[in-house]
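Student: The structure that follows is given in the form of structure tokens.
The values are calculated or read from the model by the stated rules, or taken from the named source; none is laboratory data. Because the structure is a prediction, the values reported are computed rather than measured. We place every Cβ from the backbone using ideal geometry, glycine too, and count neighbours over all the protein chains shown.
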Amino acid sequence: MSNKIIIHKNRTNKVVIDLGIDVSADTITSEIRAEQDHTSQLIATFVVAFESDGTDGRLVLTLDNSVTGITVDSGYMDLKRVSAGEPLPVLDKPLEVRFQGTVTA
């Protein structure tokens, strides 16, 4: 996976992530924040779904175009996995997110 996620402003964006483990019984969440801290300004929240049934560890993170009318140029995201009631990290460090403008209206 790349170290930077590109989100196109005013477009529906999908990011596919392969965790490589069975997460079918887990809850996965992902937010984009202004800084690498959970108390910083929330920019957007991904809708997280299993690509199939979660046993393969493949996730689809979606930001609808209605929530990507974002005015900032960058932020940070990570993933949180809750398994058997325990919050677990997924990534070693937050990923940088770049919000890119679009040309076609």
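Student: Can you tell me which of (1) more than 13 Å from the chain's Cα centre (by Cα); (2) of a type outside the set (V, I, T); (3) part of a strand (DSSP E or B) is the one L79 doesn't meet?
Tutor: (1)
Student: I'd like the full set of residues that are touching a residue at least 40 places away in the same chain (Cβ under 8 Å), exposed (fewer than 14 other Cβ atoms within 10 Å of the Cβ) and assigned to a loop (DSSP other than H, G, I, E, B), limited to the stretch 94-103.
Tutor: G101, T102 - these are the residues of the stretch 94-103 that are touching a residue at least 40 places away in the same chain (Cβ under 8 Å), exposed (fewer than 14 other Cβ atoms within 10 Å of the Cβ) and assigned to a loop (DSSP other than H, G, I, E, B).
Residue-by-condition table, conditions (1) modelled with pLDDT of 95 or more; (2) acidic (D, E); (3) at positive phi; (4) in contact with a helix residue (DSSP H, G or I) (Cβ under 7 Å, 6 or more places away or on another chain):
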{"position": "N3", "(1), (2), (3), (4)": "no, no, no, no"}
{"position": "N13", "(1), (2), (3), (4)": "yes, no, no, no"}
{"position": "D22", "(1), (2), (3), (4)": "yes, yes, no, no"}
{"position": "T39", "(1), (2), (3), (4)": "yes, no, no, no"}
{"position": "V48", "(1), (2), (3), (4)": "yes, no, no, no"}
{"position": "S74", "(1), (2), (3), (4)": "yes, no, no, no"}
{"position": "K80", "(1), (2), (3), (4)": "yes, no, no, no"}
{"position": "V97", "(1), (2), (3), (4)": "yes, no, no, no"}
{"position": "T102", "(1), (2), (3), (4)": "no, no, no, no"}
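Student: Filter the stretch 30-68 for residues that are hydrophobic (A, V, I, L, M, F, W, C) and not in a strand (DSSP E or B) and give the result.
Tutor: Hits for the stretch 30-68 are A34, F46, V67.
Student: Any residue at all in the stretch 14-33 that is under 16 Å from T102 (Cβ atoms), in contact (Cβ under 8 Å) with a residue 60 or more places away in the chain and of a type in the set (K, R)?
Tutor: No, the conditions are met nowhere in the stretch 14-33.
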